[in-house]
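Taking it in order: structure first as structure tokens, then the write-up.
Since every read-out is calculated from the coordinates, none of them should be taken as a lab result. The shown structure was predicted, so the numbers you read here are calculated from the model rather than taken from an experiment. Note that we place each Cβ from the backbone using ideal geometry, even for glycine, and neighbour counts take in every protein chain shown.
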Amino acid sequence: MAKTVKLADIAEKFGVSVVTVSKALSGQKGVSEEMRERIVSYADELGYVQPSVARQREKTVSYNIGVLVREGYLGEDSFYWKMYRQVAENAVERGCFSMLEVINTKMEERLMLPKLLTEGKADGIIVIGALGERYLGKLLKEADAPVVFMDFNDKKQKSDGVISDSFYGAYRMTNYLIDNGHTRIAYVGTVGATGSITDRYLGYLKSLIENGLELREDWIIDDREDENGAIGEGGSLKLPKDMPSAFFCNCDLTAAILIKKLQKEGYRVPEDISVAGYDDHIYTGMCDVKLTTYAVDVPEMARQAVSTLIKKVGGERYHKGTHVIEGKIVVRDSVRKKRH
């Protein structure tokens, strides 16, 4: 019915021109509100659909989007669970369905591909968070579906990815600490554990160099317990003997653990020591200090990842490579201006 109804049919009904009907349906000026309402109501009754809308509907295709996340990264309140929810919401908005599969240690060690791929359940795959290099190599080599990485990219740049602006985000966050009078700043994050931790370290380093500050090895502090990249609350995070006036942490979870450790040792945050994080995501109940941090634009990252994957699956033209999404500094209570 919708395809057979023409503007001329509606125009004849009300004794007006086709131009008037077109203006009424598109919301343009030049038509009285009374006539506009009558035209719109009659068009709806006939089932008329504007050509632009009809063309868009014809282009809409539904895909099954598979999402892979390493077991150690995923928890009900984790940062990557937050990312997955955003991906799922964006998929629904695009008329697609998302399915999550968790990659456990056994699968990685034995190079077992996810069932989403082996059973052909996914038209395309989004991998959230870095997996082992060997596993990723097998995934890219044998996956019979397009792949997009989210919050990381492989070393050889073989796939498309969407990442946070870790380097300049950390650079800006360190500069913020310096602008607040801090010249003794430590970095907390196991350099080399993930690409984002390393990028954030390099951003921190760039800020120190440009501001003529010393890079001290004892102020580069590990926060990871094991090779799986899990952040531990045990002995992995050790305070230096010569304390800095501020710590910049590679993520908010590490910042929360650090604040607890500082408080246990008798330090007050931010009265005695300032702490800044990265992500803008704190686990419920983890920290009693409102954290100053660099907020990752998770909704935009998810939108870009889903959009890129849909274009790849559909064979459309798209911007290949790594999309870098800028975030912003969020000022709260964990950083205090240093008094000299």
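Results, tabulated for the structure shown:
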item: Relative contact order of the range 104-173, defined on C-alpha pairs under 8 angstrom at six or more residues apart (%); result: 25 percent
item: Listed residues VAL69, ALA122, SER334: farthest to the positive end of the dipole of the chain (Cβ charges); result: ALA122
item: Within-13-Å neighbourhood charge of ASP333 [Cβ basis; K, R +1; D, E -1]; result: +3
item: Cα-only Debye scattering, the chain: base-10 log of I(q)/I(0) at q = 0.08, 0.14 Å⁻¹; result: -0.52, -1.04
item: Candidate lysines for bridging to LYS238, where Cα separation is under 16 Å - those fewer than 8 sequence places away on the same chain excluded; result: LYS260, LYS261, LYS264
item: Cα centroid separation, the range 93-151 to the range 1-42 (Å); result: 50 Å
item: Relative contact order of the chain, defined on C-alpha pairs under 8 angstrom at six or more residues apart (%); result: 16 percent
item: Part-to-part distance (alpha-carbon centres) for the range 313-340 and the range 232-297, which is given in Å; result: 20 Å
item: Net +/- balance of residues flanking ALA43 in space, Cβ distance below 12 Å, scoring K and R +1, D and E -1; result: 0
item: Using a Förster distance of 25 Å, the FRET efficiency for GLU71-LYS121 (Cβ separation, nearest 0.05); result: 0.80
item: Kirkwood Rh, angstrom, the range 166-296 [1 / mean 1/r, Cα pairs]; result: 14.4 Å
item: MET243-LYS320 FRET efficiency (beta carbon distance; Förster radius 51 Å; 0.05 resolution); result: 0.65
item: Net charge contributed by nearby residues that have their C-beta within less than 12 Å of SER98 (K/R +1, D/E -1); result: -1
